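What follows is a single structure, written as structure tokens, with notes after it.
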Amino acid sequence: MLLTLGPDRQTRSFTCECCSAPIERSWCLVHADGTPHALYYANCYHHTDRDHDAWIDVIFGTWGQGVEAMSGHVSFGCRVGPVVGQTTPAATLVDAGTIYPDGPLFGQKLDREAGLRHPRLAEFWSVVDFVLEADPLVRGHLYEH
């Protein structure tokens, strides 16, 4: 399965409520073999008093048919950043979509435990690996700062 970024990648910057540092967000549909496959939101935090990390939510579901056709969506989340004992950032599964409102887009937001048991977990990690390589904002934030 060949993953590619869709043509509609977007970014936004805003200020962190806890430390007034910048947060940079990117989001885009990921296509698999040319077909919309998943949507991700990546929030890159520049905290002044905590780890320099990124939080990535990935949504699997129906795409291109409008909100009324959204059904069966499921969301996973992870944190990517420093981990004790490692020299490079590592990804850890976390509760999905905690900063976003509930609704049809995010569908079933999996907590960590449910995510670890979900049949699409390997698919989620494939999308995360792709985002870490393909999204210039995320890649630069984690690996080129």
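The values are calculated or read from the model by the stated rules, or taken from the named source; none is laboratory data. As the structure is a computational prediction, the values presented were derived from the model and not from experiment. Here the Cβ is made from the backbone with ideal geometry for all residues, glycine too, and neighbour counts use every protein chain on show.
A few remarks follow.
- Across segment 81-103, the qualifying residues are those that are in a strand (DSSP E or B) and not polar (S, T, N, Q), and the one among them that is nearest to I23 (Cα to Cα) is G81.
- Strands (runs of 3 or more DSSP E) completely within segment 19-80 that count 1 or more residues being surrounded by fewer than 19 Cβ atoms within 10 Å (Cβ to Cβ) and modelled with pLDDT of 95 or more: 22-32
- Selection within segment 72-92 - touching a strand residue (DSSP E or B) at 6+ places or on another chain (Cβ under 9 Å) and farther than 14 Å from A54 by Cβ: G72, H73, V74, S75, F76
- Against the test of being surrounded by 12 or more Cβ atoms within 10 Å (Cβ to Cβ) and in contact with a Phe, Trp or Tyr (Cβ under 8 Å, 6 or more places away or on another chain), the options R120, R112 yield a single qualifying residue, R120.
- Candidate set: segment 89-106, residues that are farther than 13 Å from D57 by Cβ and either touching a residue at least 24 places away in the same chain (Cβ under 8 Å) or surrounded by 16 or more Cβ atoms within 10 Å (Cβ to Cβ) (or both); chosen: the one farthest from the chain's Cα centre (by Cα): P104
- Entry remark, segment 2-11: residues being exposed (fewer than 11 other Cβ atoms within 10 Å of the Cβ) and either assigned to a strand (DSSP E or B) or touching a Leu at 6+ places or on another chain (Cβ under 9 Å) (or both) number 3 in total.
- Residue count, segment 16-63 (criterion: among the polar types (S, T, N, Q) and free of Cβ contacts under 8 Å to residues at least 40 places away in the same chain): 4
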